[in-house]
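Below: the structure, in structure tokens.
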Amino acid sequence: MHEFNYRKNILYCEDIAVPDIVKEHGTPFYLYSLKTVLGHLERIKEAFSELDPLICFSMKSNSNLTLCRALVSSGAGLDIVSGGELYKALKVGCPPERIVYASVGKTVSEIRQAINEEILLFNVESVPELIMIDSAAKKLKRKVDVAIRVNPDVTPETHDYITTGSGEKKFGIDFKTVEEIFDNSNKYSHVSLKGLHVHIGSQITDPSPFSEALVKVLEFIDKSGIEPEWLNIGGGFGIDYGPERAAEAADIAAAIVPLLRDRPYKIILEPGRFIMGNSGILVTKVIYVKTNPSGKKFAIVDAGMNDLLRPSLYRAYHDIVPVSQRDASSDIYDIVGPICESGDYLGLKRELQELIPGECLAVMGAGAYGFTMASNYNSRPKPAEIVVIGGQARVARRAETHRDLIRGEKIILP
Ligand code: PLP
């Protein structure tokens with residue numbers, strides 16, 4: 001479900017015609033529908049209502065302040081992975097008791113910052129990290145609540161780079177070591193072992209790996225006698241990027257809820273992509289159409305891998321559609337950016353109406369891991385982020401300028 005639809009051949013976001021936004025703001029830009037964002041949050045809430053979970057939106061997927069604030073105002077917490085995300089989480093008014101903090105590489109200063117802010121839980125990813133948290137808490141004369149992130153050794157069917165729950169990955173701790181941690185809890189005098197956390201990967205389109213991982217965790221709990229207060233079952237729910245259909249939140253809930261129904265744990269979910277992915281698009285303009293001697297056609301557009309990295313990094317597929325549909329014959333194009341890399345593309349071999357320079361395309365499903373992965377590569381300013389909110393398209397983050405490119409830098413003379 002999303003709010004990007006054609007009306008009389010023109011792409012709309014909610015009730016706003018995308019070409020009108022182009023006229024006012026130029027391209028490229030990210031465009032989000034707040035209604036879609038909040039609709040997705042409601043769908044997860046509804047699907048898992050029996051468990052009454054705390055839904056901690058995963059900020060790494062999209063840390064736009066306006067969108068995060070809206071989610072927090074609707075009752076969500078936040079899943080963070082850095083001191084920077086903690087800073088932004090507090091800026092949007094997220095109560096610390098709704099913040100959970102994962103990451104395999106929390107530095108001591110990030111740990112101190114999170115202890116001082118009294119977040120709900122650290123999701124601990126290694127024994128050295130646990131020791132570090134314990135000693136930081138001791139110095140601050142505090143006792144902090146943590147969940148141990150289990151690596152259940154389950155490999156979901158998704159891109160290798162976004163698989164996190166298989167044994168050879170850097171994430172989480174194996175069951176045997178987790179048991180040792182709980183058995184030796186008195187070694188960590190300034191830490192309370194409050195729960196377990198499991199997150200097996202992202203863009204998982206089938207419910208079965210979620211239940212497989214959860215069954216392993218529950219069997220472990222029963223065997224080891226651990227009594228967690230919190231069980232964080234992570235995120236990873238996939239979305240539709242193209243013709244293939246991902247499982248609905250309700251399908252995933254149907255696989256998970258029966259396993260947890262009779263358990264006393266407080267449940268946390270950490271969805272990112274499911275909430276944001278189809279809530280945003282990247283709008284870009286065709287600069288040139290170029291044909292090589294073999295007849296292959298490139299539509300060179302004004303957004304590239306620095307704006308949306310997913311196609312280049314993961315060979316990820318995103319639907320690409322014209323912002324204004326014309327009655328024209330079609331052709332096959334590689335939609336490529338201006339960056340000096342052959343891997344700089346948004347879509348390959350796409351059949352589209354015959355493209356002409358100046359017309360705009362929308363890269364669909366760009367709301368998650370889009371802007372948050374954008375960079376200034378090739379000294380390109382990052383695009384604006386525009387949100388349709390209360391029936392208006394409003395700039396939530398302005399496009400960067402050339403001045404932004406040199407912020408913080410100085411020329412040192414010999
Ligand atoms: N939780 C953790 C620990 C993660 O690492 C991630 C992302 O990989 C998420 C939640 C969110 O995943 P997704 O955006 O697929 O829901």
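On a straight-distance basis, which aspartates and glutamates could pair with K223 in a cross-link, Cα separation under 15 angstrom, same-chain partners fewer than 8 positions away excluded?
Filter leaves D174, E179, E180, D183.
What is the ratio of the Cα radius of gyration of the chain to 2.2 N^0.38 Å, with N the residue count, to two decimals?
Details: Rg = 22.7 Å, N = 414, 2.2 N^0.38 = 21.7 Å.
The chain yields a ratio of 1.04.
Restricting attention to region 339-410, which trypsin sites (Lys or Arg not before Pro) occupy a DSSP loop and are surrounded by at most 16 other Cβ atoms within 10 Å? Each step should come with its number before you reach the end.
Working: sites: K349, R350, R394, R397, R398, R403, R407, K410; in loops: R398, R407, K410.
Answer in residue order: R398, R407, K410.
Please sort by residue number the trypsin sites (Lys or Arg not before Pro) in region 111-186 whose DSSP state is loop and whose Cβ has at most 14 other Cβ atoms within 10 Å. Kindly include the intermediate steps, with their values, before the conclusion.
Numbers: sites: R112, K138, K139, K141, R142, K143, R149, K169, K170, K176; in loops: K141, R142, K143, K169, K170.
The qualifying sites are K141, R142, K143, K170.
What does the charge count around A399 come to, taking other residues whose C-beta lies under 13 Å from its C-beta (Lys +1, Arg +1, Asp -1, Glu -1)? Could you put the intermediate results ahead of the total?
On the way: positive: R380, K382, R397, R398, R403; negative: E24, D302, D307, E385, E400, D404.
Cβ neighbours under 13 Å give a net charge of -1.
When we measure straight from the Cα of K382, which aspartates and glutamates land under 12 angstrom away, once same-chain ones fewer than 8 places off are left out?
D302, D307, E400, D404
Residue by residue through region 362-375, what is 3J(HN,Hα) from phi via Karplus (6.51 cos²θ - 1.76 cosθ + 1.60, θ = phi - 60°)? Round to whole Hz and write x for glycine and proline.
Each residue's phi maps through the Karplus curve to give 10, 8, 7, x, 9, x, 10, 6, x, 4, 5, 9, 5, 9 Hz.
Which of the listed residues, Q113, F48, M276, is farthest toward the dipole's positive end in the chain, when Lys, Arg count +1 and Asp, Glu count -1 at the beta-carbon?
Projecting each Cα onto the dipole axis, the largest value belongs to Q113.
Report, in whole Å, the centroid distance computed from the Cα atoms of region 14-66 and region 292-352.
24
For E229, enumerate residues with amide H under 5 Å from its amide H, sequence gap 5+ or separate chain, H modeled in the peptide plane.
Under 5 Å from the amide H of E229: G195.
What is the sum of charges, Lys and Arg at +1 and Asp and Glu at -1, for the other residues whose Cβ falls under 11 Å from the Cβ of A137?
Numbers: positive: R112, K138, K139, K141, R142, K143; negative: D134, D145.
With Lys, Arg at +1 and Asp, Glu at -1, the net is +4.
Could you give each residue of region 107-117 its phi-based ³J(HN,Hα) in whole Hz, using Karplus coefficients 6.51, -1.76, 1.60 with θ = phi - 60°, and x for Gly or Pro?
For region 107-117, the Karplus curve yields 7, 4, 6, 5, 5, 4, 4, 6, 5, 4, 7 Hz.
Can you give me the angle between helix 127-139 and the longest principal axis of the chain, using Cα atoms only, in degrees from 0 to 90, rounded to the nearest 10?
70
Convex hull volume of the Cα atoms in region 104-216, per residue, in Å³?
Details: hull volume 11.6 nm³, N = 113.
Cα-based convex hull of region 104-216, divided per residue, equals 102 Å³.
Treat every Asp and Glu Cβ in region 35-274 as -1 and every Lys and Arg Cβ as +1, leave all other atoms uncharged, and give the resulting dipole magnitude about the Cα centre to the nearest 20 debye. Before the final figure, lay out the partial values.
On the way: 28 positive and 34 negative charges, 223 e Å.
The calculation lands at about 1080 debye.
Of K8/K88; K60/K285; K139/K216; K106/K194, which pairs sit farther than 29 Å apart, going by alpha carbon to alpha carbon?
Details: K8/K88 40 Å; K60/K285 27 Å; K139/K216 36 Å; K106/K194 19 Å.
Beyond 29 Å: K8/K88; K139/K216.
Is there a quick way to get the dipole size of the chain? I mean about its Cα centre, with the Cβ of Lys and Arg at +1 and of Asp and Glu at -1; what is the value in debye to the nearest 20? Mind dumping the intermediate values first?
Details: 48 positive and 54 negative charges, 283 e Å.
So the magnitude is around 1360 debye.
Restricting to Cα pairs below 8 Å that are 6+ residues apart, what does the relative contact order work out to for the chain? Please round to a whole percent. Could you put the intermediate results ahead of the total?
Details: 910 pairs, mean separation 77.8, N = 414.
Once divided by the residue count of the chain, the mean separation gives 19 percent.
Can you give me the long-range amide H partners of D153? Hydrogens built in the peptide plane at 1.01 Å from N, cutoff under 5 Å, separation of 5 or more residues or another chain.
G167
May I ask you to evaluate 6.51 cos²θ - 1.76 cosθ + 1.60, the Karplus curve with θ = phi - 60°, for each residue of region 396-411 and list the ³J(HN,Hα) values in order in whole Hz, giving x for glycine and proline?
Rounded to whole hertz, the list is 8, 8, 5, 5, 5, 10, 4, 4, 4, 5, 10, 4, x, 9, 9, 8.
Every read-out reported here was derived from the displayed coordinates using simple, explicitly stated rules and does not represent laboratory data. Keep in mind the model is a prediction, meaning the values are calculated, not measured. So basically every Cβ, Gly included, is an ideal-geometry build from the backbone, and we count neighbours across all protein chains shown.
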